[in-house]
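Trainee: Quick one: structure below, then a few questions.
The values are calculated or read from the model by the stated rules, or taken from the named source; none is laboratory data. This is a predicted model, so every value here is computed, not measured. A quick note on method: Cβ atoms are made from the backbone with ideal geometry, for glycine too, and the neighbour counts reach across all protein chains shown. Ligands, DNA and RNA are excluded from the accessible area calculation, which covers all protein heavy atoms including side chains. Shrake-Rupley method; radii C 1.70, N 1.55, O 1.52, S 1.80 Å.
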Amino acid sequence: MQKAITPTLSRAHLTAGHDRVAGYVVRAEDVAFATTPAQLFEVHGLGYAGSPFSPYDRSIDVLRFESSPQLQYRDVPGYILPLWWLRHSRIPPGAELVRIFDDGTQRLLARYGDVGTGWTVTQLGAPRPALASLSRCVGPVAKWHNAYLEADVVDGGSTVVLALANPPLAETGFHQAPSGRWYRRVAREDVTELFELDLTARWNGLSVRVVDQWQDAQRYVVARISHLGDDIDRAERLQLDCLEAGVYEGVVYAAELTDIQTNQVVPHTWAPGPATRHTVRT
């Protein structure tokens, strides 16, 4: 898949180690002919209200990545190519951030290894990106040795990368990546559970995905939410931050969330049988 990346988000990937992505995407093979910013502006539909893009940009960055379980096909009238919506997700392993210039040349800026290793910047002498915080609200989670850890599935589904923010207290076999994160690769059969947590809710009537949770200075639980539906008017009335076309996010008190559903998404490549989604209403 391919997604145009705003300058703000590109800087977040390259400097802050930001490992999330959301919004409209297309198949990379469908837009292989688009080799200049003007062509990318057209095929990615970047002329939306408030867009930071211009067909006259000297360059535009794109993210190329393998398909994600969080992709949803969107039938958008008048759009010239098949279009998908990617819910707020962790970047899939092996993704590449590429800069495309107005002379038709391209330059690989960075490569995302996996949740254990994070981003590697390819430009010689460029500083290493900072380390993004881990969150079990987004991305695969694995149960290994009776503990749940953030994870990624690699090598065609045969290997699971386990990640820790801090050095392990007892388990051996973890290595520290240059990013500072601790990780270990294990065989898929050594993991007893493997799923992606999909925590959804409603906030003031708006359908959202909870993508992070933490306690604020007053010890109240707050949540970062990402808009899920097509109710753009309501998202704007509620004054969520518009990050790009259709992507609205904000931070709210967890107590304001209603109709909370905890879903475990298991793609067919992670487990025998068809993809499943288990829902627990709370």
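Trainee: List the trypsin sites (Lys or Arg not before Pro) in the range 206-247 that DSSP assigns to loop (not H, G, I, E or B) and whose Cβ has at most 13 other Cβ atoms within 10 Å. Which are they?
Mentor: Working: sites: 209, 219, 224, 234, 237; in loops: 219.
Sparse-neighbourhood loop trypsin sites (Lys or Arg not before Pro): 219.
Trainee: On to the next question. Dividing the convex hull volume of the Cα atoms of the chain by its residue count, what figure in Å³ per residue is obtained?
Mentor: Details: hull volume 43.3 nm³, N = 282.
Hull volume over Cα atoms, normalised by residue count, gives 154 Å³.
Trainee: Express the accessible area of the range 80-122 per residue in Å², computed with a 1.4 Å probe while the remaining protein chains stay in the model.
Mentor: 35
Trainee: In square angstrom, what is the accessible area per residue of the range 158-282 with a 1.4 angstrom probe? Walk me through the numbers on the way to the answer.
Mentor: Working: 6970 Å² over 125 residues.
Counting only protein heavy atoms, the per-residue value for the range 158-282 is 56 Å².
Trainee: As an exercise, identify the chymotrypsin sites (Phe, Trp or Tyr not before Pro) in the range 185-225 lying in DSSP coil whose Cβ has no more than 13 other Cβ atoms within 10 Å.
Mentor: 220
Trainee: Picking from 267, 140, 92, which is most flexible by a Gaussian network model of the chain using Cα springs under 10 Å?
Mentor: 267
Trainee: Out of the range 4-91, which GluC sites (Glu not before Pro) are coil in DSSP terms and have no more than 13 other C-beta atoms within 10 Å?
Mentor: 66
Trainee: If I compute solvent accessible area with a 1.4 Å probe over the protein chains, what percent of it on the range 29-175 is carbon and sulfur?
Mentor: Accessible surface attributable to carbon and sulfur in the range 29-175 totals 51 percent.
Trainee: How high is the relative contact order of the range 203-257, given as a whole-number percent (alpha carbon pairs under 8 Å, six or more residues apart)? Please list the in-between numbers first.
Mentor: Values: 83 pairs, mean separation 19.9, N = 55.
Dividing the mean separation by the residue count of the range 203-257 yields 36 percent.
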